Amino acid sequence: MKKLIIRGNRDLSGEIHIGGAKNSVVALIPASCLTKGKCVIHNVPDISDVGILIKMMEYLGSKITYENEVLTIDNKNLKVKPIPTEYSSCLRASYYFMGSLGGLFHHAEISYPGGCTIGARPIDIHINSFKKQGFKVTEKDGTYTLDTHKLKGQDIFFDFPSVGATINVMLTATLAEGTTRIINAAREPEIQNVAEFLNNMGADIQGAGTAEIIIHGVKELHGAEVTVIPDRIEGGTYLIIGALLGKNLKISGINRDHLFSLISKLKDAGVSMKINKDSIIVNKSKNLKAVNVKTSVYPGFPTDLGQPMSAFLTQCKGESLFEETIYENRLRHIPYLTTMGANIKSWDKKAVIIGNTQLKGRKVKATDLRAGASLLVAGMIANGITEVDNIEHLLRGYENLVHKLNTVGADIKLIDE
Ligand code: EPU
């Protein structure tokens, strides 16, 4: 069990450099299984999800090296094998092996993907799309098997613009016969990053980043390189922390356009920032005002920043309405914020947060990745010492978290018991 011991209320100054996006790299690595060629992925963050994916790739026969944030994947000996539960249950993104192995080998076998327990998280949109493309999909005791003789391009309409299903359909459609159109596709920047990689590999994908993606199938893909885009959720989390504790704190290596919704809300709350194209200098701001925040699909306010943002709202004077719309169960951190002194009334997927309240250090528990990020923010602004348990979740998504924050003046210890 790992925990963080945070001594709160320290000014932060200097620079935090943002790493590659978790939700991009966890798709880019499985996407490489569409070719037996050599792929090189740059700006790969050192997070535990990457470690698990490397093990999964090695299990499938890939030869991997990972040095200085560069991941080299040699798939010459890649084979399709059933992916055991001990791997697939570690992270949500294991479902991308359905799309990539299914695309190349016309067969994939993998048990239900894991990930944070923030809602039911069904994969019906993925499965229905696979079936439309020509897969026979069977499910037994939580293990899905995909088989086909031929994949055919189709028009595929999504009831909801699912990030994972959009990427999975792009993966299978690249090697399908004919043209696939995804209508009501997700528009998250990570999808453009995956499309860029696939196009570098020889795919023909247009429209990624818009609600309609067109994929003309090609016969085969070859090895290629790609750079992981900056992690907008890591960047956003540190921007929130900087808005509460920063003294000219520079958050560098970001793409400000990907953070538009957060920047806009922070400005509304009265945060002072100097915004450049790939960095933001942020200062602790006095007299923060309440703002309403409602999560939604990109370019709306990201659900993955909702929890850290709710900790920020405890410092804003007045009543903020916070609303989560993507997941059923993403408010499990709220009772812990309340224990720390926040004044919050929550019901269903909504919370009224009444600020400004001084938080106090307490023993709290990260129930999921972004709940952990929220408690990190809370612990850093609290009086006294906060102990955050169960931070394995947090380490899945934030590389070198303790080092990055301590370098700019935080006082955080990571205890491994
Ligand atoms: N959904 C369905 N059926 C499906 C797929 C999704 O009902 O077949 C529902 C989900 O239950 C959820 C909503 O649609 O309520 C959104 O799901 P989506 O498929 O868009 O999300 P995802 O691909 O499972 C990725 C990220 C999440 C992030 C969401 C939304 C990865 C590995 N995960 O999940 O990241 O919250 O997109 O942006 O890319 C995180 O980083 O903390 C995290 C949870």
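The values are calculated or read from the model by the stated rules, or taken from the named source; none is laboratory data. Worth saying up front: this structure is predicted, and the values here are computed from it rather than measured. Don't worry about glycine lacking a Cβ; one is built from the backbone with ideal geometry, like all the others, and counts go over all protein chains shown. Surface areas here come from the heavy atoms of the whole protein model, side chains and all, with no ligands, DNA or RNA. Shrake-Rupley method; radii C 1.70, N 1.55, O 1.52, S 1.80 Å.
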Looking at the range 299-330, which of its residues are out of contact with any His (no Cβ under 7 Å at 6 or more places or on another chain) and part of a helix (DSSP H, G or I)?
-> THR303, ASP304, LEU305, GLY306, PRO308, MET309, SER310, ALA311, PHE312, LEU313
Within the range 179-190, how many residues are buried (at least 24 other Cβ atoms within 10 Å of the Cβ) and either assigned to a loop (DSSP other than H, G, I, E, B) or away from the ligand (no atom under 16 Å from the Cβ) (or both)?
-> 3
Restricting the range 284-297 to residues that are open to solvent by less than 40 Å² (accessible area, probe 1.4 Å) and not aliphatic (A, V, I, L, M), the one nearest to the ligand (Cβ to nearest atom) turns out to be THR295
Select from the range 30-51 the residues that are in a helix (DSSP H, G or I) and in contact (Cβ under 8 Å) with a residue 60 or more places away in the chain and write down the one among them that is nearest to the chain's Cα centre (by Cα).
-> ASP49
Reported set for the range 138-152 where residues are within 16 Å of ILE123 (Cβ to Cβ) and charged (D, E, K, R) is GLU139, LYS140, ASP141
Do we find a residue being under 16 Å from ASN23 (Cα atoms), away from the ligand (no atom under 12 Å from the Cβ), in the same structural domain as SER32 (by TED's automatic domain parsing) and surrounded by 15 or more Cβ atoms within 10 Å (Cβ to Cβ) anywhere in the range 129-144?
-> no
Residue satisfying condition, being at pLDDT 95 or above, assigned by TED's automatic domain parsing to the domain that holds LYS360 and of a type in the set (Asp, Glu), within set ASP11, ASP74 = ASP11
For residues that are hydroxyl-bearing (Ser, Thr, Tyr) and modelled with pLDDT of 95 or more, scanning just the range 95-136, find the one that is farthest from ILE52 (Cα to Cα).
-> SER129
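Each row is one residue, and each column tells you yes or no for (1) open to solvent by 10 Å² or more (accessible area, probe 1.4 Å); (2) within 30 Å of LEU78 (Cα to Cα); (3) part of a loop (DSSP other than H, G, I, E, B); (4) of a type in the set (Asp, Glu).
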residue	(1), (2), (3), (4)
ILE214	yes, yes, no, no
LYS219	yes, yes, yes, no
PHE260	yes, no, no, no
LYS274	yes, no, no, no
Could you please let me know if ASN193 is touching a Ser or Thr at 6+ places or on another chain (Cβ under 6 Å), not assigned by TED's automatic domain parsing to the domain that holds GLY235 and not in a strand (DSSP E or B)?
-> yes
Filter result for the condition that a residue is surrounded by fewer than 19 Cβ atoms within 10 Å (Cβ to Cβ), within 26 Å of ALA410 (Cβ to Cβ) and either within 16 Å of the ligand (Cβ to nearest atom) or not assigned by TED's automatic domain parsing to the domain that holds ALA120 (or both), over GLY246, GLY270, GLY306, GLY318 | GLY270
Residue hits (the range 78-127; within 19 Å of THR35 (Cβ to Cβ) and either open to solvent by 30 Å² or more (accessible area, probe 1.4 Å) or near the ligand (Cβ under 10 Å from one of its atoms) (or both)) are LYS79, VAL80, LYS81, ALA93, TYR96, LEU104, PHE105, HIS106, HIS107
Mind checking which residues of the range 1-55 are open to solvent by 30 Å² or more (accessible area, probe 1.4 Å) and of a type outside the set (D, E, K, R)?
-> MET1, ILE5, ASN9, SER13, GLY14, HIS17, ASN23, HIS42, ASN43, SER48, GLY51, ILE52
GLY300 passes all but one of (1) at pLDDT 95 or above; (2) within 16 Å of the ligand (Cβ to nearest atom); (3) surrounded by 15 or more Cβ atoms within 10 Å (Cβ to Cβ); which number fails?
-> (3)
Could you tell me which residue of the range 151-173 is farthest from the ligand (Cβ to nearest atom), considering only residues that are within 21 Å of LYS219 (Cβ to Cβ) and surrounded by 22 or more Cβ atoms within 10 Å (Cβ to Cβ)?
-> LEU151
Please state which of the following conditions GLY207 fails to meet, knowing it meets all the rest: (1) touching a helix residue (DSSP H, G or I) at 6+ places or on another chain (Cβ under 9 Å); (2) buried (at least 20 other Cβ atoms within 10 Å of the Cβ).
-> (2)
